[in-house]
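Let me begin by presenting the structure, written as structure tokens, before commenting on it.
The values are calculated or read from the model by the stated rules, or taken from the named source; none is laboratory data. These numbers were taken from a predicted model, which means no experiment stands behind them. Neighbour counts run over all protein chains shown; Cβ positions are idealised from the backbone, glycine included.
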Amino acid sequence: MKAAFFTFGCKLNQCETEALAEAFEKQGFDIVEFSDPADVYVVNTCTVTSKSEQKARRVIRKTSRDYPESLVIVTGCYAQLEPELIGELGDNVLSVALDRKDLIMDMAGFLGSGQSEGQELYRSAGFWLESQSPGIDESEGRFRFSAADFNFHARAFLKIQDGCDHRCAYCRVCLARGKSVSLSSDTLMERLKDLEAGGYEEVVLTGVNIDSYRDGSMNLSDLLHRIIEETDHFRIRLSSLEPKTLLERDLSILSHPRICSHFHVSAQSLSDSVLKRMNRPYGSQAVIDAVARLRELKDNPFIAADIIAGFPGETETEHNVTVTSLKQIDFARIHVFPFSARPDTAAWEMKPKIPERITGERTEEIRGISSKSYKNYLEQQTDRTAQVLLEEEKKSGEDKFWEGTSDNYLRVRIPYSDEMKRGTLVSCRIVSEKNGTLYGKSE
């Protein structure tokens with residue numbers, strides 16, 4: 001039998017998809033491209049924006065229509081909040097809420113037993129799911145997603161935290177994922193050591209809000225110290241960090257050479273009045289100081305930020321304040337999103353709504369700033385040495401090369417060599433840049 005996977009959203013979703021794919025592979029399924037015929041399709045959804053939900057509905061409908069004899073399993077944050085709507089997208093679509101998502105790994109064994117096929121897969125899977133006790137509890141279920149082998153990435157992912165205790169006005173991920181919980185540090189270390197023994201050269205520590213990591217008195221900084229002390233070689237990449245975390249705790253451990261020089265700051269705005277309406281627990285100066293702190297700890301790190309354009313009530317003056325600060329801070333890249341009103345959030349009812357045309361103009365202005373900053377950052381890389389994780393073999397005309405990701409999260413191409421292997425780190429000197437990609441020579 002064959003299974004295919006499609007993932008929307010964050011690194012946490014990517015991590016959980018990898019664990020689901022490994023479970024199916026262990027039960028004898030061949031993992032194929034999502035565009036290929038398969039017996040089971042799994043769509044892992046996101047609910048951060050209405051656009052991500054719209055894209056998910058399109059993919060689900062098309063897959064259901066193109067492969068009516070297959071089972072289409074839909075899970076993730078969108079499926080948690082809108083299960084009935086998801087189930088109506090196709091006669092062979094099975095919606096699995098987040099609080100039962102881990103059961104999909106067990107379902108792989110049932111489906112792989114060969115007891116059902118075609119339309120029977122949908123009916124049998126539904127009956128099987130109904131017969132199971134609730135899947136996820138805070139102590140175990142949420143952290144069953146732990147892959148030892150990764151189908152879609154050359155790096156490893158480890159989920160260390162889930163849920164969120166914040167109530168930002170624009171976000172409903174907290175409604176889908178529930179309150180913050182953390183993987184015990186002992187279990188976490190066991191999994192990391194298994195990944196290290198498996199030869200992984202990079203591990204991404206992921207969660208909804210890894211700043212909230214807690215194991216007794218141990219926080220994120222303490223955890224990073226323990227990881228460095230008890231493991232040997234793999235480099236560590238962190239998902240998003242909150243400005244307050246970078247200022248309120250001793251995170252000098254971030255200067256350690258094994259921690260990637262790549263950070264993502266959850267800024268959202270640089271207008272104090274907008275941040276207050278968003279119910280963010282900091283002001284613009286905290287973002288400025290957090291970035292300065294990271295630049296003290298690392299030499300020219302890649303620092304990205306999220307920005308929401310057109311939040312309800314955002315005046316031209318507030319927007320210009322954000323624009324001015326973005327230019328001054330000079331993030332390596334800015335991920336800008338036009339505001340998307342989400343049901344059951346405080347911002348859903350906020351007024352005045354910013355006209356779509358104005359929101360679009362503000363979004364494009366910030367994207368222009370991001371493009372210029374990113375180009376400048378790329379130009380600074382020439383003659384620098386980079387540690388590149390090899391990910392794909394590529395070909396352009398007669399030229400063959402390896403493409404991978406540097407410590408500071410840039411795409412780098414290196415002349416091909418048979419001695420190089422996917423998933424290994426190669427030291428190279430950056431010699432040029434073209435169309436957003438760096439070119440290097442191995443040392």
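Structural remarks
- Residues of the range 392-443 satisfying the condition of being free of Cβ contacts under 8 Å to residues at least 24 places away in the same chain and part of a loop (DSSP other than H, G, I, E, B): Gly397, Glu398, Tyr416, Asp418, Glu419, Asn435
- Checking each residue in the range 251-277 for being within 30 Å of Thr359 (Cβ to Cβ) and over 22 Å from the mean Cα position of the chain (by Cα) picks out Leu270, Ser271, Asp272, Ser273, Val274, Leu275, Lys276, Arg277.
- Helices (runs of 4 or more DSSP H) completely within the range 249-356 that count 2 or more residues being among the acidic types (Asp, Glu), surrounded by fewer than 20 Cβ atoms within 10 Å (Cβ to Cβ) and in contact (Cβ under 8 Å) with a residue 12 or more places away in the chain: none
- Search result, residues across the range 187-220 that are touching a His at 6+ places or on another chain (Cβ under 8 Å) and either on the phi > 0 side of the Ramachandran plot or assigned to a helix (DSSP H, G or I) (or both): Glu196
- The range 227-245, residues that are more than 28 Å from Pro312 (Cα to Cα) and assigned to a helix (DSSP H, G or I): Ile227, Ile228, Glu229, Glu230
- Set side by side, the residues Thr75, Thr63, Thr47 differ, and just one is crowded, with 20+ Cβ neighbours inside 10 Å, assigned to a loop (DSSP other than H, G, I, E, B) and either over 19 Å from the mean Cα position of the chain (by Cα) or not basic (Lys, Arg) (or both), which is Thr47.
- Residue check for Ile303: farther than 30 Å from Lys441 by Cα and among the hydrophobic types (A, V, I, L, M, F, W, C): no
- Scanning the range 178-186 turns up no residue that is in a helix (DSSP H, G or I), modelled with pLDDT under 95 and of a type in the set (S, T, N, Q).
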